[in-house]
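The structure under discussion appears below in the form of structure tokens.
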There are 2 protein chains.
Amino acid sequence: MRNIKLEIEYDGKDFNGWQKQPNKLNIQGEIEQAIKQITGEEVDLIASGRTDAGVHALGQIANFKTNSKIPIEKIPYAINSRLKQSIRILNAEEVEDKFHSRYNCKQKTYRYVINNAKQASAIYRKLEYHISNDLNIEEMKKAANYFIGEHDFKAFKASGTSNKSSVRTIYDITIEKKDNRIVMEFTGNGFLYNMVRILSGTLVDVGMGKINPENIPDIIDSKDRTRAGKTLPPYGLYLVKVEYK
Amino acid sequence: MRNIKLEIEYDGKDFNGWQKQPNKLNIQGEIEQAIKQITGEEVDLIASGRTDAGVHALGQIANFKTNSKIPIEKIPYAINSRLKQSIRILNAEEVEDKFHSRYNCKQKTYRYVINNAKQASAIYRKLEYHISNDLNIEEMKKAANYFIGEHDFKAFKASGTSNKSSVRTIYDITIEKKDNRIVMEFTGNGFLYNMVRILSGTLVDVGMGKINPENIPDIIDSKDRTRAGKTLPPYGLYLVKVEYK
């Protein structure tokens, strides 16, 4: 069988997240259906990881096995022709049999976009989080530095979720302001449930002066979700890139 | 009476253009209604110019006269609270009585956004025009230079429109490609009906090799609409900025 790796963009606001679930529009199910229409096969589409309801992807990676002989360069066009426009296969690549989108993932980059203008944007309102309070970017950058490295991020995951290890490594966080938009990018070996949205909410609290950057190590050590900032809404979050060994 | 100048952003896809018209959702009518709700007055909102159905604005300018005593800094919040989220008043300023958004306009800048990737974007599909053919940017820049200056742009306006002078001056055109997106910006003293969309369509034809840049002066001189490129769709077009003396 061929093993096909797809690069996928989607507009999160139209879906209840990546994962297949009955009676709820989801990205995995939509793409599996489209693949069935063109190959006749019931495939199991394995993503690098789920994204939650409302979260966007610019470069989600997923793979599936098939006996279909469709030329690789035609696969994006074939699948896209059966998909809603709010999901696009950007690229397809044939990979070795043992490639697994989730297990082989080395690192991911997520982006959180904030509109920091006085008024929300009419055009981009569903693609960014609007906050009119002045945010101190330099303080946010200082705080971000404390997150870099291997830490137990238990304080930064949705409470009540699994008991598996909450140790993750963050390789880099960049925060840039251009005009009124603040773009935060987080690269790490993996992220816990809601982790990027909670890190972003914590950095916003720092930017507003509610949390002192020097207190971040203490908040990490506390492993106490209530000490971190709020979970920012999903529509400001983008899975930008997934990288493999 | 006070004369209030508004800076306005709107998502064109939700409206049948700026101009007030019965039974069709339009931006002017929506804002006039919101102003009526907060001031009790039937105002006449004068824009720098109409935008067509589907065209976006990042910085439309319009003004109205009022006896209302609402403090100027509260006006954007007050109007926005009565508006759909797809229209936002970004700023309000009190200007001298004789200020007129249309008559006093010195220059305008429009932007046309093209996605030149192989596949359309799932996220930005309603905010840019997708064309997968490779476009030669250097040739497009050469062609754009021929448009700069004062010309009779009759070949670049929708046919069947008014007989008024079609002489306009273009001060500058910039074309930039970043990743897969091509952003063209046009600054001039005014633009004819559909003119920016036809200029953009003509530049796309140049980029595809259908029109030679050196033929642009001849196409201008012909005053023949059929010699210019097609009218690109409205959803890639943005009124970016309106400037005054």
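The values are calculated or read from the model by the stated rules, or taken from the named source; none is laboratory data. Only a predicted model underlies this, so the values are computations on that prediction, with no experimental measurement involved. Cβ: placed from backbone, ideal geometry, glycine included. Neighbour counts: every protein chain shown. The accessibility values were calculated without ligands, DNA or RNA, using every heavy atom of the protein model including side chains. Shrake-Rupley method; radii C 1.70, N 1.55, O 1.52, S 1.80 Å.
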With the label set 7 Å along Cα→Cβ, A:Lys24 is separated from its counterparts in the other copies, in nm and shortest first, by 4.1
If each K or R counts +1 and each D or E counts -1, the residues other than A:Gly29 whose Cβ falls under 14 Å of its Cβ total +1
The local net charge around A:Ile170, scoring Lys/Arg +1 and Asp/Glu -1 for residues other than A:Ile170 whose Cβ lies under 13 Å from its Cβ, equals -2
Filtered hits (aspartates and glutamates, Cα-Cα < 19 Å from B:Lys13, offset >= 8 within chain) -> A:Asp11, A:Asp14, A:Glu128, B:Glu30, B:Asp52, B:Glu128
Within the range B:82-179, DSSP-loop GluC sites (Glu not before Pro) with at most 13 other C-beta atoms within 10 Å are B:Glu96
Rounded to the nearest 10 degrees, the helix B:137-147 long axis (Cα) sits at an angle to the longest Cα principal axis of chain B of 70 degrees
With the charge dipole of the range B:2-95 built from beta-carbon charges (+1 for Lys and Arg, -1 for Asp and Glu) about the Cα centre, the Cα from B:Ile61, B:Asn80, B:Asn23 projecting farthest to the positive end belongs to B:Asn23
Cα-based Debye curve of the protein assembly as shown sampled at q = 0.07, 0.10, 0.11 Å⁻¹ gives log₁₀ I(q)/I(0) of -0.47, -0.91, -1.06
Expressed in angstrom and rounded, the centroid-to-centroid distance over alpha carbons for the range A:16-38 and the range B:108-157 is 35 Å
Placing one equal point scatterer on each C-alpha of the range B:107-243 and summing with Debye, one gets log10 I(q)/I(0) at q = 0.09, 0.20 Å⁻¹ equal to -0.24, -1.21
Between A:Asn180 and A:Lys142, the two model label points (7 Å from Cα along the beta-carbon direction) sit apart by a distance in nm of 2.7 nm
Simple spin-label estimate for B:Lys118/A:Lys118, 7 Å along Cα→Cβ, in nm, reads 4.7 nm
Quotient of Cα radius of gyration and Kirkwood radius for the range A:1-42, i.e. Rg/Rh, equals 1.00
Filtered hits (lysines, Cα-Cα < 25 Å from B:Lys141, offset >= 8 within chain) -> B:Lys106, B:Lys108, B:Lys118, B:Lys154, B:Lys157, B:Lys177, B:Lys178, B:Lys210, B:Lys223, B:Lys230, B:Lys241
Correct semi-axes for the range B:161-212, from √(5λ) of the alpha-carbon gyration tensor and rounded to whole Å with the largest first, are 23, 14, 9
Tilt, helix A:27-39 to longest principal axis of chain A (alpha-carbon atoms), in degrees rounded to tens, equals 20 degrees
On complex formation of B with A, accessible surface lost, both sides summed, probe 1.4 Å, nearest 100 Å², amounts to 2000 Å²
Rounded to one decimal in Å, the inverse mean reciprocal Cα-Cα distance for the range A:95-154, i.e. its Kirkwood radius, is 15.4 Å
Comparing B:Ile219, B:Ile198, B:Ile70 in a Gaussian network model of chain B (Cα, 10 Å), the one with the largest mean-square fluctuation is B:Ile70
In this structure, the FRET efficiency calculated for A:Ser165 and B:Glu243 from their beta-carbon separation, with R0 = 56 Å, to the nearest 0.05, is 0.45
Highest GNM mean-square fluctuation among B:Val183, B:Val167, B:Val113, for chain B with Cα springs under 10 Å, belongs to B:Val167
So the angle from the long Cα axis of helix B:195-207 to the longest Cα principal axis of chain B, reported in degrees to the nearest 10, equals 30 degrees
GNM of chain B, Cα pairs under 10 angstrom: of B:Ser200, B:Ser86, B:Ser48, the biggest fluctuation goes to B:Ser86
Env charge @ A:Gln107, Cβ radius under 15 Å, K,R +1 / D,E -1, value +3
In whole percent, the Cα-Cα distances of the range B:1-134 spread across 5 Å bins from 0 upward as 2, 10, 18, 22, 17, 12, 7, 5, 3, 2, 1, 0
For the protein assembly as shown, dividing by residue count, accessible area per residue (probe 1.4 Å) in Å² works out to 47 Å²
Here chain B gives, from Cα atoms, an Rg and Dmax in Å of 19.0, 58
